[in-house]
Amino acid sequence: AGREAGLRTFCRLDNAVQLGLNGGSYEGVCPAQIDGEFRRRYQFGYNVYASHGEVIRLENRMQSLEQRLFRLDRDEDKRLRDANKEDDRRRIRRDFDDERHHVRDELRDLDRALYRAREAARYAEWMLGTLR
């Protein structure tokens, strides 16, 4: 009886969206007559949750790479001060320039991915709005 009462409370269509938005999982426990619509609404909410998570993940990675660029500049300056020979300084500059180039390439790729992720998030939000 307690399980049935819990399912009646849980298996409301308005709860499906909120479950998805919170990143919860749906285990298919609702009655067959509403299961399909519950799943559909849950998925709309979950798509918003997942797309926002991807945006945050990409933003964090970009921030990490920007900090890496700052550290490369600082580390290069220190290594150049410690180098005694001009050949060593040229090698140090080349190595750091190569590393900065790789980091900037990744930042460029992340910027594109972030644009696509933000578009996906906007679309997921728009789709969710069609339910309301």
Length-normalised contact order of region 1-116 in % [C-alpha pairs under 8 Å, at least 6 apart]: 22
Alpha-carbon spread of the chain, three principal axes, descending order, Å: 82, 31, 17
Assigned charges on the beta-carbon of Lys, Arg, Asp, Glu; the chain dipole about Cα centre (debye): 180
Efficiency of FRET from Cβ geometry, Arg112 and Lys85, R₀ 41 Å, rounded to 0.05: 0.50
Theoretical FRET efficiency, 1/(1+(r/R0)^6), r = Cβ-Cβ of Lys78 and Glu99, R0 25 Å, to 0.05: 0.95
By average C-beta atoms within 10 angstrom, highest first, the peptides 15-25, 97-107: 15-25, 97-107
Computed [θ] at 222 nm, deg cm²/dmol, the chain (DSSP H ≥ 4; -39,500 (n - 2.57); rounded to nearest 500): -30500 deg cm²/dmol
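Report the equivalent ellipsoid semi-axes for region 44-98 in whole Å, largest first, defined as the square roots of five times the eigenvalues of the gyration tensor built from alpha carbon atoms.
Largest first, region 44-98 gives 41, 9, 4 Å.
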Gln63 versus Thr9: modelled label distance in nm, points set 7 Å from Cα along the beta carbon direction: 3.7
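Each reported figure results from applying straightforward, stated rules to the coordinates on display, with no laboratory input. Everything numeric in this text was worked out from a predicted model, so none of it was measured. Note: ideal-geometry Cβ built from the backbone for every residue, glycine included; neighbour counts use all protein chains shown.
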